[in-house]
1. How do the pairs read when you match residues in region 17-38 that are at negative phi with residues anywhere that are at pLDDT below 70 and surrounded by fewer than 11 Cβ atoms within 10 Å (Cβ to Cβ), using Cβ under 8 Å and keeping only pairs 6 or more apart or on different chains?
2. For the condition at pLDDT below 80 and acidic (Asp, Glu), what is the one hit in ASP256, ASP300?
3. Working only within region 121-138, note down all residues that are surrounded by fewer than 16 Cβ atoms within 10 Å (Cβ to Cβ) and either farther than 18 Å from ALA28 by Cβ or basic (Lys, Arg) (or both).
4. Can you go through ALA299, ALA268 and tell me which one is farther than 30 Å from GLU527 by Cα, without any contact (Cβ under 8 Å) to a residue 12 or more places away in the chain and assigned to a helix (DSSP H, G or I)?
5. Quick check on SER135: is it of a type in the set (Ser, Thr, Tyr), outside any strand (DSSP E or B) and within 27 Å of SER231 (Cβ to Cβ)?
6. Given the criteria over 16 Å from GLY255 (Cα atoms) and surrounded by 12 or more Cβ atoms within 10 Å (Cβ to Cβ), does ALA361 qualify?
7. Would you call LEU188 within 30 Å of TRP316 (Cα to Cα) and at pLDDT below 90?
Amino acid sequence: MWRLLALCLLVLQACDSGFQAIDHRVEALLVEANESLGDDSVLPRTVDWSTLASSSPENPLPATNNPLIDELALVPSIKIDSKTVGKKLDAAALELEENGILLTLEESLVWSTKHAQGYRFAEYDYLTTTLSLLSELHLWGPRFFESISATTSADSTGGFYDTSLNVVNDFEITHRLPYGGSVSATALTNFADTLHAATSSNTKGTTVGLALELPLLRGSGTVARETLIQSQRNLIYGARTFERFRRTFFRSIAGDYLNLVVQRQSLANAQRGVESLRQLASRQRALYESGRTRLYDSADAENQALASVARLSQSWERYRLAVDRFKVKIGWPIKELVRIEPTSLGLQPLKVDMKTAVTKALQYRLDLQTEENKVGDARRRVQNAKNGVLSDLDFSAGASLPSENNDFTDFDGREVDYSVGITFSVPLDRETDRISLRKQQILLERAKRSLRTSKESIAIEVRSSLRNIEVYQFTLDLQERNVEIAQLGLNSINADPDRVSVLDQTRAISELQSAQDARDSARRDLELSIVDFLLQAGQLRIQQNGNMYPIGTLNHNL
């Protein structure tokens, strides 16, 4: 019993050490693959296997929680007036601003690279590609196999049984050759013993052998290593894909954060507009009470103020929803209140030559490099398919040496048996192989055409992103002028409000708010258009913590 327990412990320790060896080899392969991307590339985090669930649900009838309508506790709300609603909304906004944790753009990027599900899934894809290569490399190393079988037989003779025991141990080592075929070594040990018989006897012996199988035509050459070659290239593709993801991920997180900044600034603009309309309503009410204006003007001003509060409440709700979605995207705890810092990326328009930018993009884009390499994969598959229509010509050789005198260790070199053979197969039916060749040739042409389309699309994207920078520069300048004009108009009205109607005053407040919102949006669009250009041109570089390298560290004077 104790021996059995000790054997189980040894097996478990061997399994655990085997998994640790796999983890170390995965890390080594990741480092090797990332070397092709330079020092700025980032390795994905490996999986902590201890945190994964080991159990699986087995209940074929899982319970469903769906209470009846009578069991639901739904209570209608009491009706409240507009002033109470306005105060409640102001209190909710104040709570968010005072109790929320300040979440900066830099903190969002750092946090998202550690907790965002999308980022983690990209790491999983990279790790899966690495494990696939590790599995393929194992197939090309020496592989050990051992099987032990024990058979007991009983032969009846007149009611008496002759019982015998036969134990066979088959040990084999195989190794695939780089240009096709394999070499293997075997050791077959046999032990037979008569347990109950008139005359007892036993036999034992071992036969060692060596075999070689080598294709000379079909299956010979680099086609034999197709799966290994493709797995190794896929690891490089995975490294490029992960690095490309990190750049697009930065663009996504930064874009969402700046959208929140614009929304928050719009709320501030709307809040100032609400205060202005409240002051206008209060002034009109005082003028009406003193008999200097009509009841209609006072009521209209009051209604405009309440309408602005309603619009502001809707904007706050959209902002809260956007913040919650952003927290889910970066993996931030959803229950925590956060405040968005009014910030920017600090990017300025670049001095870029369009022709040079397109040329650089065709050189730097990682996804385009992968697509070019995949054309090479398709060309290699065509050559492999051509090899598939060849005749079969296989060479085989083997040697075996049995032990002498029923002894496991007594071998005589003069008793070695040899065998050498050549097998030739006439390709009478290669129709499916020829069809496969045609399919691979078509896939090669498709890959070439797809590559040309991708290059043209990238050139268009780079040109478009450069033109967008100019457009948003002009838009920002225009919107800043609109803000100045709207502010001048409101100042002139405030200087002599009695000569202007309530409608004109509310319109001036609304126009200033709209101009400010448009200016803030244009400023965001300009910065994001610069990021889009760097991304499309293959020149966006992301630091280890997920933030963008400053423009000053790169040469963008193209």
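The values are calculated or read from the model by the stated rules, or taken from the named source; none is laboratory data. Here the structure is a predicted model, which means the values were calculated and not measured. Quick reminder, even Gly has a Cβ in these numbers, built from the backbone with ideal geometry, and neighbours come from all protein chains shown.
1. Filtered contacts from region 17-38: PHE19/TRP49.
2. None of the other options fit; the residue is ASP300.
3. Hits for region 121-138 are PHE121, TYR124, ASP125.
4. Every option except ALA299 fails the conditions.
5. Judged against the criteria, SER135 is a match.
6. Yes: the conditions hold for ALA361.
7. Criteria not met by LEU188.
Yes/no per residue for (1) closer than 30 Å to GLN369 by Cβ; (2) modelled with pLDDT under 75:
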position	(1), (2)
ARG25	yes, yes
LEU30	yes, yes
PRO44	yes, no
ASP48	no, yes
ASN65	no, no
